[in-house]
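Structure record follows, encoded as structure tokens.
The values are calculated or read from the model by the stated rules, or taken from the named source; none is laboratory data. Values in this document were obtained by computation on a predicted structure and should not be read as measured data. Neighbour counts run over all protein chains shown; Cβ positions are idealised from the backbone, glycine included. For the accessible areas, the whole protein counts, side chains as well, though only heavy atoms, and no ligand, DNA or RNA atoms are used. Shrake-Rupley method; radii C 1.70, N 1.55, O 1.52, S 1.80 Å.
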Amino acid sequence: MEEANQSVVSEFIILGLCDSWDLQAFFLVTFSSLYLITVLGNIFIVVLIITDLHLHSPMYFLLANLSFIDFCLSSVTTPKMITDFLKEKKTISFGGCMCQIFFGHFFGGAEMVLLVSMAYDRYVAICKPLHYSSIMDRHVCIGLVMTSWIIGCLHSVSQLVLIVKLPFCGPRELDSFFCDIPLVIELACMDTSILEILVNADSGVLATICFILLLISYSHILFTVCHSTDGASKALSTCTAHITVVVLFFGPCIFIYLWPVSITWVDKFLAVFYAVITPLLNPAIYTLRNKEIKNAMKRLQC
């Protein structure tokens, strides 16, 4: 009886994005290039903020952490996806699958909370400018970043605990390019209807709370900006960049985890967008729309 309850699946078969070798060759070149740009772009922002004394402020401290998380998040699934384009049989070990799930939700959850922290920073800067330096001091900034990492870890552990002991006895095919909880749960040899509700509720609660806090923060900011003339254009430009990043991050999350209808090709597209495109767009958005970052790049060239 004890042996029957153990997982007999040692690895999962990954079906990938497509079956065509021509498309896989195209994806190999495309995603390899995008991943390289993502890694270099996010590392560049982190190094730039650390080395340039003009960027040693709370907003850029949080931005450096966002770039680091984006670098980590893209590295959870993208390198494996790229190497799988070279293989006819794509597999991932049970342990590797659990690691992808853990770190994917760890960095994803941390980024959600960090985006809320960045919205709070902009709220204080725009709505309470006279008290900004006293509210957003060094200890508060470190506390906000540590909170994002802790909540991300707790969220990830709570997700992994729900599935790591599930019995997997076949089938073992994942119709995606990486391991994710909804796909893995479907392969369990038991009724998982209640478990699916718990998993979606776990992710849904965190995403919903963060999204509501973001809406409240940016609503206050936009209301303040609309009734102010001093520095309104600069504040609006900064907030536009933040809001764009929030939409790009939360949009795919909502469709992947909370949308009731599952369409395979749509889920794959959104998963690629979330894992590959979003970490690439974040540094581009902040770099192209941020005057201080541009000035720091010019000083670096000199």
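Contact annotation: residue pairs with Cβ atoms under 8 Å, 6 or more positions apart or on different chains, pairing a residue in the range 260-280 that is acidic (Asp, Glu) and assigned to a helix (DSSP H, G or I) with a partner that is at pLDDT 80 or above and open to solvent by less than 80 Å² (accessible area, probe 1.4 Å), are 267/176. If you go through the range 116-151 and pick out every residue that is open to solvent by less than 60 Å² (accessible area, probe 1.4 Å), small (Gly, Ala, Ser) and over 22 Å from the mean Cα position of the chain (by Cα), you end up with 1. The residue that is least open to solvent (accessible area, probe 1.4 Å), counting only those in the range 48-70 that are over 17 Å from residue 122 (Cβ atoms) and not in a helix (DSSP H, G or I), is 52.
Within the range 181-220, can you find the residues that are charged (D, E, K, R) and at pLDDT 85 or above? Scanning the range 181-220 gives a single hit, 186.
Of the residues making up the range 84-92, not a single one is closer than 17 Å to residue 187 by Cα, modelled with pLDDT of 90 or more, open to solvent by 10 Å² or more (accessible area, probe 1.4 Å) and in a helix (DSSP H, G or I). Would the range 218-235 turn up any residue that is aromatic (Phe, Trp, Tyr) and more than 30 Å from residue 19 (Cα to Cα)? Yes, the range 218-235 contains at least one residue that is aromatic (Phe, Trp, Tyr) and more than 30 Å from residue 19 (Cα to Cα). Consider the range 154-181 and keep the residues that are outside any loop (DSSP other than H, G, I, E, B) and open to solvent by less than 50 Å² (accessible area, probe 1.4 Å). The one that is nearest to residue 82 (Cα to Cα) is 174.
Scanning for something modelled with pLDDT under 75, open to solvent by 20 Å² or more (accessible area, probe 1.4 Å) and under 16 Å from the mean Cα position of the chain (by Cα), does the range 221-233 turn up at least one residue? Checked against the condition, which is being modelled with pLDDT under 75, open to solvent by 20 Å² or more (accessible area, probe 1.4 Å) and under 16 Å from the mean Cα position of the chain (by Cα), the range 221-233 yields no hits at all.
Applying a threshold of 9 Å to beta carbon distances and a minimum spacing of six or more residues, or different chains, the list of pairs starting in the range 102-117 at a residue that is in contact (Cβ under 8 Å) with a residue 24 or more places away in the chain and closer than 14 Å to residue 199 by Cβ and ending at one that is of a type in the set (Ser, Thr, Tyr) and buried (at least 22 other Cβ atoms within 10 Å of the Cβ) reads 104/77; 105/203; 108/203; 108/274; 109/148; 109/203.
Tell me whether the range 278-298 contains one or more residues that are open to solvent by less than 30 Å² (accessible area, probe 1.4 Å), touching a Pro at 6+ places or on another chain (Cβ under 9 Å) and at pLDDT 80 or above. There is at least one residue in the range 278-298 that is open to solvent by less than 30 Å² (accessible area, probe 1.4 Å), touching a Pro at 6+ places or on another chain (Cβ under 9 Å) and at pLDDT 80 or above. Among residues of the range 23-44 that are over 27 Å from residue 297 (Cα atoms) and open to solvent by 50 Å² or more (accessible area, probe 1.4 Å), those with a beta-carbon under 8 Å from a residue that is outside any helix (DSSP H, G or I) and of a type in the set (Phe, Trp, Tyr) at least six positions away or on a different chain give the pairs 25/85.
Hey, among 184, 205, which residue is of a type outside the set (Ser, Thr, Tyr) and open to solvent by 60 Å² or more (accessible area, probe 1.4 Å)? The conditions single out 205.
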